[in-house]
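Participant: Attaching a single structure in structure tokens format; questions to follow.
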Amino acid sequence: MTTRRIRVLVIDDSAVVRQMVSSILGREPDIEVIGTASDPLFAMGKMKESWPDVIVLDIEMPRMDGITFLRQLMAERPTPVVICSSLAVDGAETTLQALQAGAVAIITKPRLGVGDFLQDAESSIVATVRSASMANHRNLRAVQPVMSGTATTTTPKSMTKTTERIVAIGTSTGGTVALEEVLSALPGDCPGLVIVQHMPAGFTAAFAARLNTMSQLRVEEARHGQRVLPGLALIAPGGKQAKVIRNGAQYVMDIREAPPVNRHCPSVDVLFRSVAHSAGSNAMGIIMTGMGADGARGLKEMREAGAVTLAQDEATSLVYGMPKEAVNLGAVCRSVPLGNLAGAILRGG
């Protein structure tokens, strides 16, 4: 009598990881990889056709992050899930979220050298999948919120931490020169930057192209739907409002025709508020030289959301208007000279 093989579905947005994990598991006579998917929404379609015994799941994916998918899965049809993610490190908040959501095992993969790691960890991956397949489905469930009377004291939330930090910068008068100094001092692997420089339509593309020639970063005028990535600085286009939104576990630009805010389009407040909402403590906000108060309230929202917030100091600001308003509002963790801002970005504060 032939023993039924363990049916595995691999969900990861990296084609390399999907191919390698499938290859590792597929070599085992008792394991069958029934499919792969680049994100949970694709996976759901495949699972309607054939349900797996074990799911190998990444956390950082487009459209829906792994934690949200895991909670939904455990609520609808509990299935053993092995988390395989760079976020899943011992003691990390995301690891605890994954375990609370019902994951049966965690495999931590590095951000760099993933291919070599997967080859070295081949036996561990196989053993983990085999163990997961023996989990008692009746005991698979997410940790439920603690109820006190009719009020929920803790509620499930989407994943809060990602491996990619995001830096939001707002500036106006004097900002073109100040941004040149900051961006030219940053290495090519620094966190992704999103920037509002008050500038009319038709000028920001040329400004971005100029900054690109003097920086190790890629500097571009932001496009709608463009992903915020390490080593990339995106300049909000003049005449449009720019926001950062979450797409699963990724950050992407939302660029739209919209009315001015604080008489500006793009507005620093609009950008900062979106980053506060979408990135929270994964973000850093920096307000630099400029006239007026645009950005002060948005920077305060970023600080209240857990972001590190900095202001260019008075001594190095061409116009100490926007930074001063932010400082007076209590939106700034500390003020930093222009020449030290690049270092602060790399240190995370």
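The values are calculated or read from the model by the stated rules, or taken from the named source; none is laboratory data. Please read these numbers as outputs of a predicted model, since none were measured by experiment. FYI the Cβ positions are ideal-geometry reconstructions off the backbone, even for glycines, and counts take in every protein chain you see.
Participant: Taking the conditions exactly as written (without any contact (Cβ under 8 Å) to a residue 60 or more places away in the chain and part of a strand (DSSP E or B)), does residue 311 satisfy them or not?
Facilitator: So residue 311 passes the test.
Participant: A follow-up question, please. Restricting attention to the stretch 277-321, and to residues there that are surrounded by fewer than 24 Cβ atoms within 10 Å (Cβ to Cβ) and hydrophobic (A, V, I, L, M, F, W, C), which single residue is nearest to residue 346 (Cα to Cα)?
Facilitator: Per the criteria, the residue is 308.
Participant: OK, next. In the stretch 25-53, how many residues are within 17 Å of residue 105 (Cα to Cα) and either of a type in the set (Gly, Ala, Ser) or in contact with a Leu (Cβ under 8 Å, 6 or more places away or on another chain) (or both)?
Facilitator: 1
Participant: Related question: I'd like the full set of residues that are in contact (Cβ under 8 Å) with a residue 24 or more places away in the chain and either farther than 27 Å from residue 262 by Cα or surrounded by fewer than 21 Cβ atoms within 10 Å (Cβ to Cβ) (or both), limited to the stretch 200-209.
Facilitator: Scanning the stretch 200-209 gives 200, 201, 202, 203, 205, 207.
Participant: Residue 135 - would you say it is of a type in the set (A, V, I, L, M), modelled with pLDDT of 65 or more and closer than 30 Å to residue 324 by Cβ?
Facilitator: no
Participant: Let me ask you something else. For residue 252, work out the one condition from (1) assigned to a loop (DSSP other than H, G, I, E, B); (2) under 24 Å from the mean Cα position of the chain (by Cα); (3) closer than 25 Å to residue 206 by Cβ it doesn't fulfil.
Facilitator: Going through (1) assigned to a loop (DSSP other than H, G, I, E, B); (2) under 24 Å from the mean Cα position of the chain (by Cα); (3) closer than 25 Å to residue 206 by Cβ one by one, residue 252 breaks only (1).
Participant: Next up: Specify the residue that is surrounded by the most Cβ atoms within 10 Å (Cβ to Cβ); the eligible residues are those in the stretch 13-38 that are in contact with a strand residue (DSSP E or B) (Cβ under 7 Å, 6 or more places away or on another chain) and acidic (Asp, Glu).
Facilitator: Result: 32.
Participant: Right, next: Can you name every residue in the stretch 329-342 that is more than 21 Å from residue 244 (Cα to Cα) and touching a residue at least 24 places away in the same chain (Cβ under 8 Å)?
Facilitator: If the condition is that a residue be more than 21 Å from residue 244 (Cα to Cα) and touching a residue at least 24 places away in the same chain (Cβ under 8 Å), then 329, 330, 333, 334, 335, 336, 337, 338, 339, 341, 342 are the ones that fit.
Participant: For the list (1) over 30 Å from residue 324 (Cα atoms); (2) at pLDDT 80 or above, I need the number of the one condition that residue 160 fails.
Facilitator: The failed condition is (2).
Participant: Scan the stretch 190-226 for residues that are within 22 Å of the chain's Cα centre (by Cα) and of a type in the set (Gly, Ala, Ser) and jot them down.
Facilitator: 192, 222, 225
Participant: Sort out for me the strands (runs of 3 or more DSSP E) sitting completely within the stretch 174-247 that have 1 or more residues that are of a type in the set (D, E, K, R), over 20 Å from residue 272 (Cα atoms) and in contact with a helix residue (DSSP H, G or I) (Cβ under 7 Å, 6 or more places away or on another chain).
Facilitator: The strands (runs of 3 or more DSSP E) meeting that bar are 218-221.
Participant: Check 256, 273, 303 and return the single one that is touching a helix residue (DSSP H, G or I) at 6+ places or on another chain (Cβ under 6 Å) and closer than 29 Å to residue 225 by Cα.
Facilitator: 273
Participant: Given (1) over 16 Å from the mean Cα position of the chain (by Cα); (2) at pLDDT 90 or above, where does residue 58 come up short, assuming only one miss?
Facilitator: Residue 58 satisfies every listed condition except (1).
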